[in-house]
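Novice: A single structure is presented below for examination.
The values are calculated or read from the model by the stated rules, or taken from the named source; none is laboratory data. Note that the coordinates shown come from a computational prediction; the quantities given were computed from them, not determined experimentally. Every residue, glycine among them, receives a Cβ derived from its backbone with ideal geometry; neighbour counts consider all protein chains shown.
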Amino acid sequence: MRLLALFVILALSWTGMARADDFALIEPQVLAERIESADPQLLILDVRSAAEFDAGHIPGAVNIPHDTIASRMPELGPAGARDVVVYCRSGRRSALALAALKEAGFSRLFHLDGDYLRWSEESRTIVSTAAQP
């Protein structure tokens with residue numbers, strides 16, 4: 001009985017959580033075109049860890065790990081000033097970051113369709129800041 005109660009509580013808590021697919025999707029090709037055109041209205045937010053970011057990230061991306069986004073919100077500038085494209089490795093951390101951004105008043109939010117995995121699988125440009133041996 002206790003296990004059933006725990007399952008019900010967990011199920012109810014998940015229904016209230018935002019998912020990355022609750023936000024507008026942007027296709028990798030569209031993002032690549034906006035990067036290439038140096039779109040000033042674009043902010044690309046990588047919410048993975050610093051180590052993941054250093055190993056490889058999308059050109060022009062800013063790294064703010066999902067678990068620090070609330071305290072680093074001022075770094076993003078005024079809410080609504082730019083289109084914010086969020087990605088992580090596969091989507092879970094993006095959902096958390098997008099929900100926090102929405103709660104902070106950001107409205108021009110986009111989730112990169114397929115996140116970093118799709119971007120890299122499509123052999124798109126990746127920037128690495130990791131030290132070379």
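Novice: If you check 79, 51, which single one turns out to be over 23 Å from residue 120 (Cβ atoms) and either in contact (Cβ under 8 Å) with a residue 40 or more places away in the chain or not in a strand (DSSP E or B) (or both)?
Specialist: On the way: 51 fails: over 23 Å from residue 120 (Cβ atoms).
Testing whether each residue is over 23 Å from residue 120 (Cβ atoms) and either in contact (Cβ under 8 Å) with a residue 40 or more places away in the chain or not in a strand (DSSP E or B) (or both) leaves just 79.
Novice: Residue by residue through the range 91-133, note down the ones that are among the polar types (S, T, N, Q) and within 12 Å of residue 46 (Cα to Cα).
Specialist: The answer is 94, and nothing else.
Novice: Could you run through the range 4-22 and say how many residues are out of contact with any Lys or Arg (no Cβ under 8 Å at 6 or more places or on another chain) and either modelled with pLDDT of 55 or more or not in a helix (DSSP H, G or I) (or both)?
Specialist: 5
Novice: Can we say residue 107 is modelled with pLDDT under 95 and surrounded by fewer than 15 Cβ atoms within 10 Å (Cβ to Cβ)?
Specialist: Numbers: modelled with pLDDT under 95: yes; surrounded by fewer than 15 Cβ atoms within 10 Å (Cβ to Cβ): yes.
Answer is yes for this residue.
Novice: Would you confirm, using the coordinates I've provided, whether residue 43 is part of a strand (DSSP E or B), farther than 17 Å from residue 120 by Cα and among the aliphatic types (A, V, I, L, M)? Give the derivation first.
Specialist: Working: part of a strand (DSSP E or B): yes; farther than 17 Å from residue 120 by Cα: yes; among the aliphatic types (A, V, I, L, M): yes.
Taking the combined requirement at face value, the residue satisfies it.
Novice: Something else now. Exactly one condition in (1) out of contact with any Ser or Thr (no Cβ under 8 Å at 6 or more places or on another chain); (2) in contact (Cβ under 8 Å) with a residue 60 or more places away in the chain; (3) in a strand (DSSP E or B) is false for residue 111; which is it?
Specialist: (1)
Novice: Looking at residue 129 and the list (1) in a loop (DSSP other than H, G, I, E, B); (2) among the β-branched types (Val, Ile, Thr); (3) out of contact with any His (no Cβ under 9 Å at 6 or more places or on another chain), which single condition is not satisfied?
Specialist: Unmet condition: (3).
Novice: Moving on to the next point. Give the residues of the range 85-107 that are over 12 Å from the mean Cα position of the chain (by Cα) and either in contact (Cβ under 8 Å) with a residue 60 or more places away in the chain or not in a loop (DSSP other than H, G, I, E, B) (or both), sorted by residue number. I'd like the intermediate steps shown before the answer.
Specialist: Residues of the range 85-107 that are over 12 Å from the mean Cα position of the chain (by Cα), as a first pass: 102-107.
102, 103, listed by residue number.
Novice: Tell me, yes or no, whether the range 62-76 has at least one residue that is closer than 21 Å to residue 123 by Cα, within 13 Å of the chain's Cα centre (by Cα) and not hydroxyl-bearing (Ser, Thr, Tyr).
Specialist: Within the range 62-76, one or more residues are closer than 21 Å to residue 123 by Cα, within 13 Å of the chain's Cα centre (by Cα) and not hydroxyl-bearing (Ser, Thr, Tyr).
Novice: Kindly provide the set of residues from the range 117-126 that are outside any helix (DSSP H, G or I), surrounded by 15 or more Cβ atoms within 10 Å (Cβ to Cβ) and among the hydrophobic types (A, V, I, L, M, F, W, C), ordered by number.
Specialist: none
Novice: Does residue 114 satisfy the condition of being modelled with pLDDT under 95, crowded, with 17+ Cβ neighbours inside 10 Å and not acidic (Asp, Glu)?
Specialist: Considered against the rule, which asks whether it is modelled with pLDDT under 95, crowded, with 17+ Cβ neighbours inside 10 Å and not acidic (Asp, Glu), residue 114 comes out as no.
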